[in-house]
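*Asks:* Please find one structure pasted underneath; my questions will follow.
Taken together, the values in this text are just the output of simple stated rules run on the coordinates, not laboratory data. Only a predicted model underlies this, so the values are computations on that prediction, with no experimental measurement involved. Every residue, glycine as well, gets a Cβ built from its backbone with ideal geometry; the counts of neighbours run over all protein chains shown.
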């Protein structure tokens, strides 16, 4: 490798872990290339309403990292991109990166004129399909980079492209094609993150079949001020204010048929969601069905805080089934209360499934990276995992783990 910089690090994944690893490495003098498959940086954290440990909006942390990227000339990032291949040895890797077309160039000012005239709507993936966006859209208000993107799969072939005429800055380019760039790097950090486990695979919980059964990440978007309901906790089917809710823990986690491991953050997420609802509606009734409540370390204090709130009930027992109420959009939860030895049939406005964390790489693996059976990355010399690509963890844990990965990556270049 000819390099002007003795350290050149590739970071795969532009979420919180990837950004942390990349920026920490760059601020030691290493050159960093970040590859992200989404049209924006920030990953899952950008989709949160609030995150641990401070229970504050995610942009508090992300904005700082975005600013650090902007002012650091050693960081290059590619969005809508993926790694095609990795070859070579530690200290001298050759990586091919495929960059998919955005159909919007650097001239974009995010003025929204294009979206206003677009005639086509699509399910908004940032909000997990809870609302619609136009085929040309800004992923979210504070997206980085602040540029629109076109979902060409949603565009009809005979569309007259009014967006092209509405744009005053010549920012739309339908002739963009995929391109491949080849880079040389000394080490690689894999920070591909996680995805919510597919709740439709859990037959007895009837996700997608019964109205108003949603996942924990969907609830997170509903509670967010930039979400589909502007932060008002309303149930999806009819917009009714939620007066009582059931949280179903371990939805897919700790189950040999689904995810055999504990996903670490699910109990904490439901406790946090309880606070969201109680802040809006102090009289709301919350029922949390659990196997074990797991709040590691300092988070035990948070659990005790929520447990003391009036109207919050913890029911130890697995949920056996979820049904639609025959006369309304309400949901029937069928479960067993182990401590009281009773079977429960409870009607609620909405059910929230605490789905587990599955590594993004479970279905899509980067060629040249080693993986365990469950899809988590296995470290090797020169290629290091960071954050939830390694194991389930919270945002604070991801920050620490990603800094560790950056240090390992830097040392690979130094030893070269």
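*Asks:* Which shape class applies to the range 39-140: rounded if a/c is under 1.5, otherwise prolate when a/b exceeds b/c and oblate if not, where a ≥ b ≥ c are the square roots of the Cα gyration tensor eigenvalues?
*Replies:* oblate
*Asks:* Two decimals is fine: what's Rg over Rh for the range 299-416, C-alpha atoms, Kirkwood radius as Rh? Could the numbers behind the result be given before it?
*Replies:* Working: Rg = 21.8 Å, Rh = 18.6 Å.
Using Cα coordinates only, the ratio equals 1.17.
*Asks:* Same structure again: Restricting to bridges with both residues inside the range 198-355, how much of the DSSP beta-bridge set is antiparallel, in percent to the nearest 5? Write down the numbers at each step before the final one.
*Replies:* On the way: 13 of 31 bridges.
If I count the DSSP bridges inside the range 198-355, around 40 percent turn out antiparallel.
*Asks:* Compute the angle between helix 395-415 and the longest alpha-carbon principal axis of the chain, please, reported from 0 to 90 degrees and rounded to the nearest 10.
*Replies:* 20 degrees
*Asks:* Can I ask one more? Rounded to the nearest 5, what % of the DSSP beta bridges within the chain are antiparallel ones?
*Replies:* 55 percent
*Asks:* What value does the range 113-166 have for Rg/Rh, both radii from Cα atoms and Rh as Kirkwood defines it?
*Replies:* Taking Rg over the Kirkwood Rh, I get 0.96.
*Asks:* Please compute, for the alpha-carbon atoms of the range 262-347, the extent along each of the three principal axes and give them in descending order in Å.
*Replies:* Principal extents (largest minus smallest coordinate, Cα): 43, 29, 24 Å.
*Asks:* Take each of the peptides 189-201, 223-235, average the number of other beta-carbon atoms within 10 Å over its residues, and list them starting from the highest. Display every interim value, and only then the final one.
*Replies:* On the way: 189-201: 23.2, 223-235: 18.2.
Ranked from most to least packed, the peptides come out as 189-201, 223-235.
*Asks:* Can you tell me what share of the DSSP beta bridges in the range 25-150 is antiparallel? A percent to the nearest 5 is fine.
*Replies:* Here the share of antiparallel DSSP bridges comes out near 80 percent.
*Asks:* Separate question: Using the Cα gyration tensor of the range 157-255, with a ≥ b ≥ c the square roots of its eigenvalues, what is the shape: rounded (a/c below 1.5), prolate (a/b larger than b/c) or oblate (neither)?
*Replies:* Oblate.
*Asks:* Turning to a different aspect of this structure: Using a 7 Å offset from Cα along Cα-Cβ at residue 328, what residues in the range 235-259 end up with backbone N under 16 Å from the label point?
*Replies:* 235-246
*Asks:* As a test of the formula, what do you get for the chain when each DSSP H run with n ≥ 4 contributes -39,500 (n - 2.57) and the sum is divided by the residue count, at 222 nm and rounded to the nearest 500 deg cm²/dmol?
*Replies:* The per-residue figure over the chain is -6000 deg cm²/dmol.
*Asks:* Could you order the peptides 401-410, 237-246, 177-186 from most to least packed, using the average number of other C-beta atoms within 10 Å per residue?
*Replies:* So the peptides 401-410, 237-246, 177-186, ranked by packing, come out 401-410, 237-246, 177-186.
*Asks:* Right, here's the next one. With a ≥ b ≥ c the root eigenvalues of the C-alpha gyration tensor of the range 198-355, is it rounded (a/c under 1.5), prolate (a/b larger than b/c) or oblate?
*Replies:* On the way: a/c = 1.28, a/b = 1.06, b/c = 1.21.
It is rounded, given that a/c, with a ≥ b ≥ c, falls under 1.5.
*Asks:* While we're on this one: Evaluate the Debye formula for the chain with equal point scatterers sitting on the alpha carbons, no solvent, and hand back log10 of I(q)/I(0) at q = 0.06, 0.07, 0.14 Å⁻¹, in q order, two decimals.
*Replies:* Values returned for q = 0.06, 0.07, 0.14 Å⁻¹ are -0.27, -0.37, -1.28.
*Asks:* If eta is 0.890 mPa s and T is 25 °C, what Stokes-Einstein diffusion coefficient results for the range 354-416, Kirkwood Rh from Cα pairs, in µm²/s?
*Replies:* Translational D for this selection: 196 µm²/s.
*Asks:* Which peptide among 32-42, 297-307 comes first, and what is the full order, when sorted by highest mean count of other Cβ atoms within 10 Å?
*Replies:* Most protected by this proxy first, the peptides run 32-42, 297-307.
*Asks:* Can you tell me the 0 to 90 degree angle between the C-alpha axis of helix 59-70 and the longest principal axis of the chain, rounded to 10?
*Replies:* 10 degrees
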